[in-house]
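Every number here is computed from the coordinates shown, using simple stated rules; none is lab data. All values derive from a computational prediction rather than experimental measurement. All Cβ positions, even for glycine, are placed from backbone atoms using ideal geometry, and neighbour counts span all protein chains on display.
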Amino acid sequence: MPLPVVAKQDGARARHWDAVIVGSNVSALVLAARLGMAGHRVLVVEEESARTGFPGLREPFFLSGSRDQGLLDKSLRELTLSLIDRRRIKEEDVALQLVGKNLRVDIGAAELTAEEFVSWGVCKPEVAHQLVRSVFEASEAERKAMLGNSLVRVGRRIGRGKPAIEGSHRRGLPAEAAKAEPTVARLLDAQVRALSNLATAKPGPESQARLLGCVLRGGAGFAGGPPWLHEILRQRVESVFGEFRTLSRNFRLVSVMNQPGIAIHGNFEIWAGRMLIVASPPTALAQMIEPGDRPDFLQLSRTTRRRLCVHLRVKRRIVPEAMSNRVVMMDESGVATLSIFPRDHDPKFVDVLVRGIENNGIEHAVQEQQLVDRALALMPFHGDDVERIPIKTPVWDDDHLLEDPANNACWPGELDLRADSKLPIYMLDRSWVAGLGFEGDMLLGLRAGELLQKDLR
């Protein structure tokens, strides 16, 4: 159905911006900053529980592309973030650790990774070095492809992208990784699952190549407490006069004077824009809107999964010195990640986030306790020095709600941003780039900003 039309005589007061963005994920903030830098008035609508929660909940597991002209580095420069903010991201030798039964493999620079594979008996030296070399080359091909790809379009139909020649390397997953021995394949699959933002689908070969190779230049992270990436991007939006409004109540998507906008239940104010951009997961937004008011572009049938998250506060002294700030845990229950965040104001403690994709056959409370148990198993001397911090899960502005794209439509094709044929409504469909993980989020916001600022001229 089309958006409900609200007339002036209905008593509602409309406020107008150039662009109204629903959702406050990384893609939305990058897009908002790009539009603001072009002189457009932007409103970002965020959910109250997403705004007031622990800031680490909005942070990516791994800051891929932060080194050597990667996508994050390029994006922060294009957004003209201050040198002080960019320098807060520190280089680290270890990108992440893969931890399983009798296994703790450091993944980082190419030479380190190959040596770790050999030391832990994952594979022989010649196999390890050839694997790492081929994955690194494949990842570089994908990095160049991402930086040179338009990714998004408005309306015009173009066929899905195909693997192409990039130098001497054909794009996609190299044979050394695609046909790896079971012991090696298990580690590679765990890394892909940890870094991907898909619900159940496996990323395409091009995306897998990038996810496996993006760690081979080493790690990166914030050495101190907040602000971290999400808050830094938010501050950048505010610096170019972007506005934020927080909602805790339900709302409708409406049309007023041929402009799309938001009408808040119990309020006579409408926030309208020359364009409306949906950055929230569409399946989550659809559930929040009453069926009778749900527009056609939210009538989607997609596979979804929630990335369950547990927040622990632990004493720093119980964290093993050899533990990375980013750990990928593997066991029979699946893949989970562990992230450690420093606390500048209370350095004796650290915040630990443990995340894993939900299993629909098991209650969330049971799965969350399993995540706690897996994390504490890595800290054998924890005693009573652990506190679990409650998390209020957002309804529609939720970074941890993952979707699979319809008909496997995804990178390396082009995404049509236009969601409605009559009104200027656009959708940042994260599922399209979810196979690229965090870099996909950055790329989507960057390319959408470049394109949509032209539509606002």
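List the residues, sorted by chain then number, that are 5 or more residues from Ala199 or on another chain and whose placed amide H is less than 5 Å from its amide H.
HN-HN under 5 Å from Ala199: Glu403, Asp404.
Quick one: work out the % antiparallel among DSSP beta bridges in the chain, nearest 5.
Values: 51 of 78 bridges.
Once the DSSP bridges in the chain are tallied, antiparallel ones form about 65 percent.
Using θ = phi - 60° and the Karplus form 6.51 cos²θ - 1.76 cosθ + 1.60, what ³J(HN,Hα) does each residue of region 398-407 get, whole Hz, x for Gly and Pro?
Computed from phi, the couplings for region 398-407 are 10, 5, 8, 8, 9, 10, 9, x, 5, 6 Hz.
In region 1-138, with Lys and Arg counted as +1 and Asp and Glu as -1 at Cβ, which of these residues, Phe61, Phe136, Leu103, has the Cα nearest the positive end of the dipole, that is, farthest along it?
Phe61
Starting from the amide H of Tyr426, placed 1.01 Å from N in the peptide plane, find each other amide H under 5 Å away whose residue is 5 or more places distant or on another chain.
Hits under the 5 Å cutoff: Leu276, Ile277, Val278, Ala419.
Among (i) 35.3; (ii) 24.3; (iii) 22.8, find the value of Kirkwood radius over Cα pairs in Å that was calculated from the structure presented, and write down its label.
Looking at Kirkwood radius over Cα pairs in Å for this model, the match is (iii).
Strictly over 23 Å apart at the Cα level, which of Lys90/Lys348; Lys74/Lys202; Lys179/Lys202; Lys202/Lys454 would you flag in this model? The partial results should precede the final answer.
Values: Lys90/Lys348 21 Å; Lys74/Lys202 27 Å; Lys179/Lys202 16 Å; Lys202/Lys454 34 Å.
The pairs that break the limit, which is 23 Å between Cα atoms, are Lys74/Lys202; Lys202/Lys454.
Nearest 10 degrees, 0 to 90: what angle lies between the long axis of helix 438-455 and the longest principal axis of the chain (Cα atoms)?
Around 30 degrees separate the two axes.
Counting other C-beta atoms within 10 Å, and keeping those with at most 11, which DSSP coil chymotrypsin sites (Phe, Trp or Tyr not before Pro) do you find in region 348-457?
Values: sites: Phe349, Phe381, Trp396, Tyr426, Trp432, Phe438; in loops: Phe381, Trp396.
Answer by residue number: Phe381.
Hey, what do the phi angles of region 213-227 turn into as Karplus ³J(HN,Hα) couplings, whole Hz, using 6.51/-1.76/1.60 and θ = phi - 60°, x for Gly and Pro?
So the Karplus estimates, Gly and Pro as x, are x, 5, 8, 7, 9, x, x, 7, x, 7, 6, x, x, x, x Hz.
May I ask for the angle, rounded to the nearest 10°, between helix 182-195 and the longest principal axis of the chain, with both axes built from Cα atoms and the value confined to 0 to 90°?
30 degrees
With θ set to phi - 60°, apply the Karplus curve 6.51 cos²θ - 1.76 cosθ + 1.60 along region 274-282 and write out the HN-Hα couplings as whole Hz, x wherever there is a Gly or Pro.
Per-residue couplings from phi come out as 4, 9, 10, 10, 8, 9, 5, x, x Hz.
Convert 25 °C to kelvin, take the viscosity as 0.890 mPa s, use the Kirkwood radius over C-alpha pairs of region 268-338 as Rh, and evaluate the Stokes-Einstein diffusion coefficient in µm²/s, rounded to a whole number. Don't skip to the end; give the middle numbers.
Values: Rh = 17.1 Å.
Taking Rh from Cα pairs, D becomes 143 µm²/s.
Within region 305-341, what residues put their amide N at less than 20 Å from the label point 7 Å along the Cα-to-Cβ vector of Asp384?
Output list for this probe position: 312-319.
What is the magnitude of the charge dipole of the chain about its Cα centre, with +1 placed on the Cβ of each Lys and Arg, -1 on the Cβ of each Asp and Glu, and no other charges, expressed in debye to the nearest 20?
1040 debye
Using amide H atoms built 1.01 Å from N in the peptide plane, name the residues 5+ places from Gly413, or on other chains, whose amide H lies under 5 Å from its own.
For Gly413, whose amide H was placed from the backbone, the distant partners under 5 Å are Gly161.
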